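Encoded as structure tokens, the structure appears first; notes follow it.
Please treat every number below as a calculation from the coordinates, not as lab data. Please read all numbers here as calculations on a predicted model, not as lab measurements. FYI the Cβ positions are ideal-geometry reconstructions off the backbone, even for glycines, and counts take in every protein chain you see.
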């Protein structure tokens, strides 16, 4: 059985991106999904001085160990002002200091959602450009616009969008 991790690039207690990542993770047949919460991996704000004096924080090291032991990653990025959320960017900064190629070539389904009509497209474009430089193997990409109109009771309610996600999940599963 394959093991995957799924998480949102958000620390919101009611994160719509965590809901989407969780939904996608459970669409992957014959895989055990571990749903992570960035609140369990808080780190101090990155600075080279802090790194020099205290090293890599334990929570960043723990997160990196989970990345090392998984077969695949499902990540749904929150978009704050057109970019990564501060909590995700900070963890990403620490991870890249611990291991420059921090995505470790693991198959990744990269997603985003938002309440708006663009569905987090700006942050997806940013990640599609940046993550491969950190050894991301992005095998699928999905954006869910207008979350509140297209997601309910733990699933995508728009049939066409759900079919699109199922195709991306299939590509992800086949790459594990």
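A compact table of results
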{"read-out": "CD proxy at 222 nm, helix term only [per DSSP H run n ≥ 4: -39500 (n - 2.57); per residue of the chain; nearest 500]", "value": "-12500 deg cm²/dmol"}
{"read-out": "The chain: most fluctuating residue of 152, 96, 122 per GNM, C-alpha cutoff 10 Å", "value": "152"}
{"read-out": "Of 11, 137, 58, the one that fluctuates the most in a GNM where the chain has Cα springs shorter than 10 Å", "value": "58"}
{"read-out": "Cα long-axis angle, helix 86-98 against the chain (0 to 90 degrees, to the nearest 10)", "value": "50"}
{"read-out": "For region 2-175, share of DSSP beta bridges that run antiparallel, in % to the nearest 5", "value": "15"}
{"read-out": "Computed label-point distance, nm, for sites residue 29 and residue 152 using a 7 Å Cα→Cβ extension", "value": "2.9"}
{"read-out": "Rounded to 10°, Cα long-axis angle of helix 58-69 versus longest principal axis of the chain", "value": "50"}
{"read-out": "Degrees separating the helix 16-25 axis from the principal Cα axis of the chain, which is the longest one", "value": "80"}
{"read-out": "Estimated translational D of the chain in µm²/s (Stokes, Kirkwood radius over Cα pairs; 25 °C; 0.890 mPa s)", "value": "152"}
{"read-out": "GNM top mover of 49, 135, 37 - the chain, alpha-carbon springs below 10 Å", "value": "49"}
